[in-house]
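Note sheet for the following structure.
The values are calculated or read from the model by the stated rules, or taken from the named source; none is laboratory data. Values in this document were obtained by computation on a predicted structure and should not be read as measured data. Note: ideal-geometry Cβ built from the backbone for every residue, glycine included; neighbour counts use all protein chains shown. To get the accessible areas, we keep the full protein, side chains included, count just its heavy atoms, and leave off ligands, DNA and RNA. Shrake-Rupley method; radii C 1.70, N 1.55, O 1.52, S 1.80 Å.
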Amino acid sequence: MRSHDLTPGRMIGVVFDHGDDFFTALTDACRAHDIKQGYIPMFIAGLSAAKIVGTCQRLGNPDAPVWTHVDLTNVEALGGGTIAWDDTNQRIFPHIHLTAGLKEHSAVAHTSHLLDATVQFLTEMLIIEVDSPPMRRLTNVNLYDVPQLHFG
């Protein structure tokens, strides 16, 4: 377990537009407000398409992460996540999870890590900037190369 006191900075409200690529719009919002790290306590979204981590196959090792995705369409979503800074590539490194209800299937939901999405109608989000400590994702080679959040 790792924990650290966080010093919050600004709170930014962002509204994505119909047809926006989710991660491009998030990156653009962070660039426009010079946000390099923070958290997204919650967002609501309509998405015409989304890729989330998942599989319909039997898992060879249930303890290992799943690296494949499932494709979802026409969803209503609720999500949240964190934003760390990637020093090597000089860009944000978001980690977003969401629950996405499939509208035409009685709003049956799928929940997992978001890989890609296209906005349908809207996405409304709050980003809480973290002034300190530095937030970075470091690959844990002892845990299937999963990038984990570190402070300081």
Practice problem: Can you give me the number of residues within segment 30-65 that are open to solvent by less than 40 Å² (accessible area, probe 1.4 Å) and over 16 Å from Val119 (Cα atoms)? | Solution: 8
Exercise. Could you list, in sequence order, all residues of segment 2-53 that are of a type in the set (Asp, Glu) and assigned to a strand (DSSP E or B)?
Key: Asp17, Asp21
Quiz item: Would it be correct to say that Phe23 is buried (at least 16 other Cβ atoms within 10 Å of the Cβ), of a type in the set (Phe, Trp, Tyr) and on the phi < 0 side of the Ramachandran plot?
Solution: no
Quiz prompt | Tabulated pairs, segment 126-152, first within 19 Å of Pro65 (Cβ to Cβ), second β-branched (Val, Ile, Thr), C-beta under 7 angstrom, 6+ apart or interchain | solution = Asn140/Val146; Asp145/Thr139; Pro147/Thr139; Leu149/Thr82
Quiz item: Identify, please: which residue in segment 135-152 is out of contact with any Lys or Arg (no Cβ under 9 Å at 6 or more places or on another chain) and open to solvent by 50 Å² or more (accessible area, probe 1.4 Å) and is, among those, nearest to Thr27 (Cα to Cα)?
Solution: Arg136
Exercise. Looking for whichever is over 18 Å from Gln148 (Cα atoms), within 18 Å of the chain's Cα centre (by Cα) and free of Cβ contacts under 8 Å to residues at least 24 places away in the same chain here; the options are Thr68, Thr73, Thr55. Which one fits?
Key: Thr68
Quiz item: Going by the structure shown, is Thr118 assigned to a strand (DSSP E or B), in contact (Cβ under 8 Å) with a residue 60 or more places away in the chain and among the polar types (S, T, N, Q)?
Solution: yes
Quiz item: For segment 71-93, what are the residues that are crowded, with 16+ Cβ neighbours inside 10 Å and of a type outside the set (S, T, N, Q)?
Solution: Leu72, Val75, Glu76, Ala77, Gly79, Gly80, Gly81, Ile83, Ala84, Trp85, Ile92, Phe93
Quiz item: When segment 94-115 is examined, which residues are found to be open to solvent by 60 Å² or more (accessible area, probe 1.4 Å) and either part of a strand (DSSP E or B) or under 23 Å from Leu149 (Cα atoms) (or both)?
Solution: His95, His97, Val108, His110, Thr111, Leu115
